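The values are calculated or read from the model by the stated rules, or taken from the named source; none is laboratory data. Predicted model only: the values in this text are computed from it and were never measured. Cβ placement follows ideal geometry from the backbone for every residue including glycine, while neighbour counts extend to all protein chains displayed.
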Amino acid sequence: MNVQEERLGKLLEMLDELASGRWQVTRKGYAGSGHRRPSFLPDVWVTAMDDPLGHAACAIGFACLDARFEGLYLDGLEPCTRLPATARAHARLARGWDAVCAYFGLDEPTARCLFGSEQSPASIGQVRDWLRELLYTPADEPAVCRRAAS
C-alpha cells in the first residue's frame with residue numbers, strides 16, 4: 001500500500017466514524033473538554049475565501065483535527081503541510097489546495113470534487129461515499145471524481 005492509499009484509507013475510516021457519530025477530536029492542542037465538537041454544516045458555506053475547507057466543517061477540516069493525519073494541520077482556517085526538500089529546492093510550506101493535493105496525493109480537480117463546495121454534499125456520509133467510490137472503482141470505470149477531473 002502506498003502513502004496515498006494509506007492516507008485516503010485513513011480518511012475513509014475517519015469519515016465512517018463521523019457519519020456514525022463516533023469521531024472525536026484527537027489532535028493535541030485541540031482535544032479537550034473546553035473545545036466545541038465540530039459538526040458538518042453543509043448549509044454554512046465559507047464564501048469569503050477560496051479555501052479548501054469549502055464549508056464550515058468539511059472532511060479536510062476534520063482531518064486537520066485528527067491525530068491520524070500527522071503533518072496536515074490548520075493555520076487559521078487553511079490546511080497546511082510541509083513539502084520535503086529536493087536537490088533543487090528547500091523544504092517549503094504548502095497551503096490550501098496545494099497542501100490537500102500534496103498530502104493526499106490527489107490532483108486539484110479530484111481534491112475539489114471530493115472536498116470543495118462545488119459538489120454541495122448533503123452530509124459527511126455523501127463525502128465518504130464519493131471517496132469510497134474513488135478508491136474502489138476500477139480505473140477503467142468512471143468514478144464520480146474521475147468524471148469531474150476529465
Answer with yes or no whether LEU53 is crowded, with 19+ Cβ neighbours inside 10 Å, part of a loop (DSSP other than H, G, I, E, B) and modelled with pLDDT under 80. yes
Does any residue in segment 113-137 that is closer than 20 Å to TRP97 by Cβ come within less than 8 Å, Cβ to Cβ, of a residue that is among the hydroxyl-bearing types (Ser, Thr, Tyr) and surrounded by 16 or more Cβ atoms within 10 Å (Cβ to Cβ) six or more places away or on a different chain, and which pairs are these? LEU134/THR110
Looking only at segment 110-125, which residues are crowded, with 17+ Cβ neighbours inside 10 Å and assigned to a helix (DSSP H, G or I)? THR110, ALA111, ARG112, CYS113, LEU114, PHE115, SER117, GLN119, ILE124
All positions within segment 66-83 that are modelled with pLDDT under 85 and either aliphatic (A, V, I, L, M) or part of a loop (DSSP other than H, G, I, E, B) (or both): LEU74, GLY76, LEU77
